[in-house]
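Below is one structure; the comments refer to it alone.
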Amino acid sequence: QAETVGHQFLKSFEQAFALEHGEHRCSLSIGITLFGGTTAEGSDQPLKRAELAMFQAKAAGRNTLRFFDTRMQAEVNTRAALEAALRQALPHQQLELVYQPQVVGIGRVTGVEALVRWRHPERGLVSPAEIIPLAEETGLILPLGNWVLATACQQLVAWARQPETAHLTLAVN
């Protein structure tokens, strides 16, 4: 029944609304959760679940509806835990830089590219594909970038003292 009513809402918003200065169109993103079972819960829990479902509907392209399912909550919990862990990664020295050689011609190393890696204490090596977007979304990208730059500069100083590496340049991505 909830799905039927939701689709009726979506259909009612398909047409433009006549306003004083012309027509206006809007879209709906509907999140639905079922409640009222045997588990006692406050009124805020069903609203939070419906909101999660609504965000899933928006992510699906709007003008749609989504039902809450427990996987949504699990994804939110996993992301929140990863964010909290990333906030601790710098002070607990869990991040490291690895250096990938940049080669010109046949084996002539002209520089290196610094790549950030996170050795999570429980998950092991966390992919940069997870680290960078999470850092960008949570505002951690600036402290992370500052750490990368400072660490890479320290390495350049160390390499400059060695005749075999003094010529290297460093690209930080």
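Summary table
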quantity	calculated
Accessible area, probe 1.4 Å, largest first, for residues SER43, SER27	SER43, SER27
Region 1-111: relative contact order as a whole-number percent, Cα under 8 Å and 6+ apart	19 percent
In region 59-142, trypsin sites (Lys or Arg not before Pro) in a DSSP loop with at most 15 other beta-carbon atoms within 10 Å	ARG62, ARG123
DSSP-defined beta bridges in the chain - what % are antiparallel, rounded to 5	65 percent
Positive-end extreme of charge dipole, region 1-100 - chosen from GLN1, SER12, LEU86 (charges on Cβ)	LEU86
Centre separation in Å (Cα based) which lies between region 84-113 and region 131-173	7 Å
Amide H partners (placed H, <5 Å) of SER29, local residues excluded	ASN63
Accessible area of region 133-173 divided out per residue, in Å², using a probe of 1.4 angstrom	64 Å²
Per-selection metrics, region 104-147 (Cα): Rg and Dmax in Å	14.3, 42
Net charge of neighbours whose Cβ lies under 15 Å from the Cβ of HIS167, counting Lys and Arg as +1 and Asp and Glu as -1	+1
Nearest 10 degrees, 0 to 90: helix 70-89 Cα axis against the chain principal axis	30 degrees
Longest exposed-site-free window of the chain, the sites being GluC sites (Glu not before Pro) in a DSSP loop that have at most 10 other C-beta atoms within 10 Å	21-121
Principal axes of region 1-118: Cα extent on each, largest first, Å	67, 47, 26
Of all accessible heavy-atom area on the chain, the percent that carbon and sulfur account for (1.4 Å)	55 percent
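The values are calculated or read from the model by the stated rules, or taken from the named source; none is laboratory data. All of these numbers come straight from a predicted model, not from anything done at the bench. Positions of Cβ are generated from backbone atoms using ideal geometry, with glycine treated the same way; all protein chains shown enter the neighbour counts. The area values use the complete protein model at the heavy-atom level, side chains included, leaving out ligands, DNA and RNA. Shrake-Rupley method; radii C 1.70, N 1.55, O 1.52, S 1.80 Å.
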